[in-house]
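Here the structure comes first, spelled out in structure tokens, and everything after it is commentary.
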Amino acid sequence: MSDKVLKFTVPEEIDTIKARTFLRKYCNVSARMIARLKREKDGILREGKILRTIDTLKGGEVVELRLPEDTNSVVAVEGDLNILFEDNYIIVFDKPAGTPVHPTKIHQLNTLANFLSYRQQQTGENYTFRAINRLDKDTSGIVVVAKDKYTAKALFDNISKVYYAVCEGIIDSAGTIDKPIRLLEGHTIQRTTADDGARSVTHYKPLKIVNNHTLLEVTLETGHTHQIRCHFSSIGHSLAGDDMYGGSRECITRQALHCGSVTFTHPITKEEITVVSKLPDDIKKLIEE
């Protein structure tokens, strides 16, 4: 078993409650994790003694969950990591453009996951790479990684992100792009807007206009592969540098897209945390007059 223990206190106002109900409703523990913990030695404890899910809890009692041992199978490769935030449960990176998030057939050794695996060897940690948000290889900015299954589940769909994009042409007012997206026929990664696609909604606000380019603040109501890139291309404002979706590489050699901030409620401490990443030099240069 792992030495990572989560502690949850039953609210004082609760008279009695079944342990399973408390874990599912108040602690956001999945049924699958509960089943796994029940099979582990000292997986679920109350006052140092085994707690069965059918047992009754009272207000003020403390339940301890000893998380299962995690494993990391990603090949360790030494590489640079810019860490913006870290504690026992979460680590947040500022990913540069050109670095994939996780290994693929094409990129097996030069990814964020490889570099983190090497760092784990140096620090003595051992956990699976669980990226809560994933950026394209040439999109820069914030990537949040959970260090255990519980944290990953709690963060999933409970994290807000702000992107900054530079599109070609002038957009002088805020707006929303509400167009379904699906895989482009005959392609393995490129997307297109189509009536039979998945619902996709992108909100944007112009921040600066210079040299026939517009710097935009972008937030997503839905999150799909290439959503921002595909959506802006569909309204005739491809991202600068994004030649897959019609953008020119004359001013920048990759899509001008950056995840600039994330905000989430910490699953353990319940503290609201905001992490910010500055615009990288190539995008700053693009929007300088």
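Brief remarks on what is shown
- Tally of residues being surrounded by 17 or more Cβ atoms within 10 Å (Cβ to Cβ) and assigned to a loop (DSSP other than H, G, I, E, B) across the stretch 32-52: 2
- Within the stretch 123-159, considering residues that are without any contact (Cβ under 8 Å) to a residue 40 or more places away in the chain and of a type in the set (Asp, Glu), the one farthest from ALA35 (Cα to Cα): GLU125
- The stretch 248-275, residues that are part of a strand (DSSP E or B) and either free of Cβ contacts under 8 Å to residues at least 24 places away in the same chain or in contact with a Cys (Cβ under 9 Å, 6 or more places away or on another chain) (or both): GLU272, THR274
- Matching residues, the stretch 276-289, being surrounded by 15 or more Cβ atoms within 10 Å (Cβ to Cβ) and in a helix (DSSP H, G or I): ASP282, ILE283, LEU286, ILE287
- Some residue of the stretch 201-222 being in a loop (DSSP other than H, G, I, E, B), crowded, with 18+ Cβ neighbours inside 10 Å and either of a type in the set (Ser, Thr, Tyr) or in contact (Cβ under 8 Å) with a residue 24 or more places away in the chain (or both): no
- Every listed requirement among (1) at positive phi; (2) surrounded by fewer than 19 Cβ atoms within 10 Å (Cβ to Cβ); (3) at pLDDT 95 or above is met by SER173 save one, (1).
The values are calculated or read from the model by the stated rules, or taken from the named source; none is laboratory data. Worth saying up front: this structure is predicted, and the values here are computed from it rather than measured. Ideal geometry is used to build each Cβ from the backbone, glycine not excepted, and the neighbour counts take in all protein chains shown.
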